[in-house]
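Each reported figure results from applying straightforward, stated rules to the coordinates on display, with no laboratory input. From a predicted model like this one, the values you see are computed outputs, not experimental measurements. FYI the Cβ positions are ideal-geometry reconstructions off the backbone, even for glycines, and counts take in every protein chain you see.
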Amino acid sequence: MAIELTPELIALQEAADEAGRRVSATPNDGEARQAWFTAAARVQAAVTEHAEAAGLNRFELEKALRRHVRHPELRD
């Protein structure tokens, strides 16, 4: 069964990844680090909610989401 990713999940993961890149560029920036933690928590909550609602394995959903966002060359 193919896992369908919602535009909302994709946008949340993209935002979290972008926040993570900002932290990598400015590791001593506490505000950037907090923004990254907040964005990552939003992704986790959304993935959990979506997985439960759709009857999906949460781990597999998160893996598919990260793969989709971080490796566009591997998209089906």
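The figures follow:
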read-out: Structure-based [θ]222 nm, the chain - -39500 (n - 2.57) summed over DSSP H runs of at least 4, per residue, nearest 500; value: -25500 deg cm²/dmol
read-out: Cα lying deepest toward the dipole's positive end in the chain, options Gln44, Gly30, Val69, charges on Cβ; value: Gly30
